[in-house]
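Peer 1: Next up is a structure, given as C-alpha cells.
Computed from the coordinates by the stated procedures, all read-outs in this text should not be read as laboratory data. As the structure is a computational prediction, the values presented were derived from the model and not from experiment.
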Amino acid sequence: MNFFVYRDHRAHRAALFDNYDNIEEGGIRASSSYPRDIDERDNDKAVDSLQDRVSFLKKLTGDIHEEVETHNRMLDRTGNEMDSSRGIMSGTMDRFKMVFEKKSNRKVCKLVGYFVLSFFLIYYIFRFLMYSMYG
C-alpha cells in the first residue's frame, strides 16, 4: 500500500509542476509565453516608482538640511546671548565685591536684606490670615 501512496504523490507532483524542466536543479524558470511589452510595462512602473521615491528622499533630505541650518543659527544666537549675560553677571559680581569690601557698606547691605526678609514675612503672615478668615 505504501507503494501506491508514493506513486500517487509523484503523480500529483508531476501534474503540479508540468512544463517546468530542471525544477530540482535551480528553481522555476519564467515561461517565455509572456509578452515582452508586459515586462517593459512592469519595468517602467518600477522605474517610475523608484524615481518618485528618490525625489521624495531628495526633498526630505533638503528639508532636514534646512531644519539643521535653522537650529544651528538658533544655537549660535543663544550662545552669543549667554556670553553677553555672562559679561553682565561678572560686572554685577564685581560691584557686589566692592560693596562688601567696606564695613559701612556691609552694614547697609545687611539692613536692606533684613528689610526685604521682614517684608516677605509680613506679606505671608497677612496672606495666611486672609486665607484662614475668608477661606
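Peer 1: For Leu121 and Asp52 in one chain, what is 0.36 nm times their gap in residues minus the Cα-Cα distance, to one decimal in nm?
Peer 2: My answer for the length gained is 17.9 nm.
Peer 1: Where a Cα-Cα gap under 20 Å defines reach, which lysines qualify for Lys97, not counting those fewer than 8 residues away within the same chain?
Peer 2: By straight Cα distance, Lys97 reaches Lys107, Lys110.
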